[in-house]
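Worksheet: the structure to be examined is printed underneath.
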Amino acid sequence: MRFWISIFLTAACLVSSFDIHPGFAEDTIDRVRHNLIQSAEKSWELGTAAEALTELYWPTLSVFHKKAFPPLLSAKVNATDVLSIANATISAKPADSMSLIPNQGSAGDPASIGVAVLLANWTQGNRLNDRYSKAAADQLKYLLNNVPKSESGAISHRTDETQLWADFVYMAPPFIAYYGVLQGNADGRALMQIAYDQCKLYRDALRDESGLWKHVVLGTWQDNEHWATGNAWAAAGMLRVHQTLNHSSQAHHFATQQSDLIQWIDEILKASWSHQNYQQTEDGGLRNVIDGPKSYLDTSSTTLMTSVTYRMAAIRDTAEFIPAANRALGLIQRKIDTQGWLQDATNPYTFDQPLSNGEHSPEGQAFILLLHAAWKGLAETKKHSHVPPV
Ligand SMILES: *[C@@H]1O[C@H](CO)[C@@H](O)[C@H](O)[C@H]1NC(C)=O
Ligand SMILES: *[C@@H]1O[C@H](CO)[C@@H](O)[C@H](O)[C@H]1NC(C)=O
Ligand SMILES: *[C@@H]1O[C@H](CO)[C@@H](O)[C@H](O)[C@H]1NC(C)=O
Ligand SMILES: *[C@@H]1O[C@H](CO)[C@@H](O)[C@H](O)[C@H]1NC(C)=O
């Protein structure tokens, strides 16, 4: 039997209370995780899988945790699944590739695995083993020095031309910020600033007056539509950068940057949820093109956006988008089949058509774990409440 959970948060003199929808059954999550590990192959799928596993199973190592820095392993917190993604990546990397995975066409995507590689470096017993450190350093140098940049200084998401994709914000800035916090001092601070700057430059280039972000600008082709997954990648990436800065010992140098990031995430949430249930066809979902009247339900972006919404509710002590997130969570639960696959996800490789029968979205699988981690994080805030539930 699952219960609705009432959350009470206290902040200064304000008390907000709200109900969150019942969470996922653990056996559903086990199947979702199994399918994620089986299906994740592309660089960004592996990077997103590593992040999702960290947030859900090893929360003290995730940037959402107050004590994320420095990351510490123990017998119980061994992060074996995350470290094995880092090890497999490094083991397969050719010596002459600066990118963690070579020949991807994408400059940003392979960097998504960088957080797991840094985690492996900083937590390994053998301090003499520099293969993780070197691989992470090469990946960083590649992004900063080798990849083309726009006139404004935004690092391209592609290797062969300058082209900005909303996806980049989840792939590279969280890695650059994490690298910076671990380095510490002035050098680390400079990287933390670059992570923020890249979010800002991407927003400047992609956001329009709707409050939503276009998918792809510059280069030989563009996608000016408000792709829901692109908006969710951007919001979720900025949220990880915020939390990385926020939990660093140098957080006090980044107060205005942090409040900008919160405002930019909020802007995406507000604009996105205002289109929930467009045409009333599917209760609670977002469309693949958020404001596209002819677009179709996409459970994948809906899942990531819901995850960001629950995280933001805990961070900001606000119930503003909780009703929208609750309806979305109810829909997502109905859309996970008995085998543990998310149904009605968009095709993550073409962006503009639903998956066919029997096809799956590895990133959609990861988003469910991210959502469950966010839901648990919010539910746990109840424990720290001074207000008894009624
Ligand atoms: C890693 O941690 C998990 C969960 O705490 C535990 O079940 C498992 O035995 C540990 N594995 C190793 C190799 O220590
Ligand atoms: C790392 O990966 C290599 C190559 O797949 C494997 O031989 C090795 O056992 C792995 N090491 C660890 C610690 O998992
Ligand atoms: C890897 O870890 C060592 C500490 O063991 C640290 O000195 C080094 O800077 C780290 N490398 C990176 C790229 O963070
Ligand atoms: C962390 O973020 C919260 C929420 O935005 C903010 O109130 C707090 O001041 C930040 N902490 C630091 C140390 O910057």
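Key figures
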{"read-out": "From 355, 286, residue being touching a Ser or Thr at 6+ places or on another chain (Cβ under 9 Å), free of Cβ contacts under 8 Å to residues at least 24 places away in the same chain, surrounded by 16 or more Cβ atoms within 10 Å (Cβ to Cβ) and not β-branched (Val, Ile, Thr)", "value": "355"}
{"read-out": "Single match in 84, 91, 74 (criterion: farther than 30 Å from residue 226 by Cβ and either touching a Gly at 6+ places or on another chain (Cβ under 6 Å) or in a loop (DSSP other than H, G, I, E, B) (or both))", "value": "74"}
{"read-out": "Any hit, the stretch 42-61, residues being surrounded by fewer than 14 Cβ atoms within 10 Å (Cβ to Cβ) and closer than 21 Å to residue 362 by Cβ", "value": "no"}
{"read-out": "Some residue of the stretch 254-269 being open to solvent by less than 10 Å² (accessible area, probe 1.4 Å), touching a Ser or Thr at 6+ places or on another chain (Cβ under 9 Å) and either of a type in the set (Asp, Glu) or not in a loop (DSSP other than H, G, I, E, B) (or both)", "value": "yes"}
{"read-out": "Residue among 120, 111 that alone is of a type in the set (A, V, I, L, M) and away from ligand 1 (no atom under 16 Å from the Cβ)", "value": "111"}
{"read-out": "Count of residues meeting criterion [buried (at least 17 other Cβ atoms within 10 Å of the Cβ) and farther than 23 Å from residue 58 by Cα] in the stretch 77-99", "value": "4"}
{"read-out": "Selection count where residues are among the basic types (Lys, Arg) and away from ligand 3 (no atom under 16 Å from the Cβ), scope the stretch 75-133", "value": "1"}
{"read-out": "Complete set of residues in the stretch 103-138 that are of a type in the set (A, V, I, L, M), more than 20 Å from the chain's Cα centre (by Cα) and part of a helix (DSSP H, G or I)", "value": "135, 137"}
{"read-out": "Some residue of the stretch 131-153 being of a type in the set (D, E, K, R) and within 16 Å of ligand 2 (Cβ to nearest atom)", "value": "yes"}
{"read-out": "In the stretch 74-105, the residues that are within 10 Å of ligand 2 (Cβ to nearest atom) and within 20 Å of residue 147 (Cβ to Cβ)", "value": "89"}
{"read-out": "Every residue from the stretch 100-116 that is over 19 Å from residue 198 (Cβ atoms) and either among the hydrophobic types (A, V, I, L, M, F, W, C) or surrounded by 24 or more Cβ atoms within 10 Å (Cβ to Cβ) (or both)", "value": "101, 116"}
{"read-out": "Selected residue (only one of 179, 142, 132, 170 is closer than 22 Å to residue 254 by Cβ and open to solvent by 10 Å² or more (accessible area, probe 1.4 Å))", "value": "179"}
{"read-out": "So residue 263, is it farther than 22 Å from residue 155 by Cα and within 16 Å of ligand 4 (Cβ to nearest atom)", "value": "yes"}
{"read-out": "Unique residue being closer than 30 Å to residue 323 by Cβ, assigned to a helix (DSSP H, G or I) and at pLDDT 95 or above when the list is 51, 45", "value": "51"}
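Each row is one residue, and each column tells you yes or no for (1) part of a strand (DSSP E or B); (2) within 16 Å of ligand 4 (Cβ to nearest atom); (3) within 17 Å of the chain's Cα centre (by Cα).
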{"position": "152", "(1), (2), (3)": "no, no, no"}
{"position": "162", "(1), (2), (3)": "no, no, no"}
{"position": "191", "(1), (2), (3)": "no, no, no"}
{"position": "203", "(1), (2), (3)": "no, no, yes"}
{"position": "225", "(1), (2), (3)": "no, no, no"}
{"position": "239", "(1), (2), (3)": "no, yes, yes"}
{"position": "242", "(1), (2), (3)": "no, yes, yes"}
{"position": "245", "(1), (2), (3)": "no, yes, yes"}
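Residues are listed down the side, and each one gets a yes or a no for (1) assigned to a loop (DSSP other than H, G, I, E, B); (2) surrounded by 20 or more Cβ atoms within 10 Å (Cβ to Cβ); (3) away from ligand 4 (no atom under 16 Å from the Cβ):
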| site | (1), (2), (3) |
| --- | --- |
| 291 | yes, no, yes |
| 295 | yes, yes, yes |
| 310 | no, yes, no |
| 314 | no, no, no |
| 330 | no, no, yes |
| 363 | no, yes, yes |
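The values are calculated or read from the model by the stated rules, or taken from the named source; none is laboratory data. Everything quoted here is computed from the prediction, not taken from an experiment. Quick reminder, even Gly has a Cβ in these numbers, built from the backbone with ideal geometry, and neighbours come from all protein chains shown. Remember, those area values only see protein heavy atoms, side chains included, never the ligands or the DNA or RNA. Shrake-Rupley method; radii C 1.70, N 1.55, O 1.52, S 1.80 Å.
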